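To start, the structure itself, in structure tokens.
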Amino acid sequence: MRALRTSVAVAIAVVSTAAPAWAATITANASVQAVVPDSTAFTLEKDAATSVPRFAADQIVFDRVDNQDPGVTGPSPDFMYAPYRSETGMNWHIGRINATGSSMTLSADVTGTAGSTPLANILSTFCGGFFPANGPPGVAIPGTPSTDWENLNTFTRTLNQSFSGVTSFNYRLSIAGIPAGTYNGQVTYTMVSN
């Protein structure tokens, strides 16, 4: 009896991860050009997240004396606030800014009287600072927030850079010695971008 022999061929495949010698690398380049237009814009708005909804965005309205505001510490009959001090963390105005110059300045001018007293002498603001649109959320540019109440008529901020983002304002009216009545005035914000 003859023995049956079977032979089995085993194929071993070697996979190489190196690029084959015939591979070619080709790149293509495209230039980038951005023409940024000269833009200067400033608008006052009410931000639903941080501003009180009373009255229109183009108004500053004082309708409650501080000592009529429940829950505030050290209420004073000499002041009115917009928003009320009990509305902690709220703003009255959000200023939306777009200035593409190398620097920008925002200032305010107050006209009108309360009785015989110029509103320019008794209207103050507290600016929350300038918040860049492309910056960390809730972080103002250093040196731009108020450190105390400022006379609104002499309020000014200059940034030596282009700026796109927002700023926020609260307001205070000193009514010591002001007779009862309804008084009207005007605040004009001016932004200059160079």
| Quick one: how many residues across segment 142-169 are in a strand (DSSP E or B) and out of contact with any Cys (no Cβ under 8 Å at 6 or more places or on another chain)? | 8
| message | Between 55, 79, which is over 26 Å from residue 137 (Cβ atoms) and either charged (D, E, K, R) or open to solvent by less than 70 Å² (accessible area, probe 1.4 Å) (or both)? | response | 79
| Positions within segment 173-194 being closer than 28 Å to residue 101 by Cα and β-branched (Val, Ile, Thr), in sequence order | 187, 188, 190, 192
| query | Which residues, counting only those in segment 96-117, are among the β-branched types (Val, Ile, Thr) and not in a strand (DSSP E or B)? | reply | 100
| What number of residues in segment 102-145 are among the small types (Gly, Ala, Ser) and within 28 Å of residue 181 (Cβ to Cβ)? | 7
| said: I'd like to know if segment 114-136 contains one or more residues that are farther than 23 Å from residue 66 by Cβ, without any contact (Cβ under 8 Å) to a residue 12 or more places away in the chain, surrounded by fewer than 16 Cβ atoms within 10 Å (Cβ to Cβ) and within 21 Å of the chain's Cα centre (by Cα). | reply: yes
| query | Regarding residue 42, is this residue open to solvent by 40 Å² or more (accessible area, probe 1.4 Å) and within 13 Å of the chain's Cα centre (by Cα)? | reply | yes
| Mind checking which residues of segment 44-88 are touching a residue at least 40 places away in the same chain (Cβ under 8 Å) and either part of a strand (DSSP E or B) or of a type in the set (Phe, Trp, Tyr) (or both)? | 44, 45, 51, 62, 65, 79, 80, 81, 82
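The values are calculated or read from the model by the stated rules, or taken from the named source; none is laboratory data. Since the structure is predicted, the reported quantities are computational estimates derived from the model, not experimental observations. We place every Cβ from the backbone using ideal geometry, glycine too, and count neighbours over all the protein chains shown. Surface areas here come from the heavy atoms of the whole protein model, side chains and all, with no ligands, DNA or RNA. Shrake-Rupley method; radii C 1.70, N 1.55, O 1.52, S 1.80 Å.
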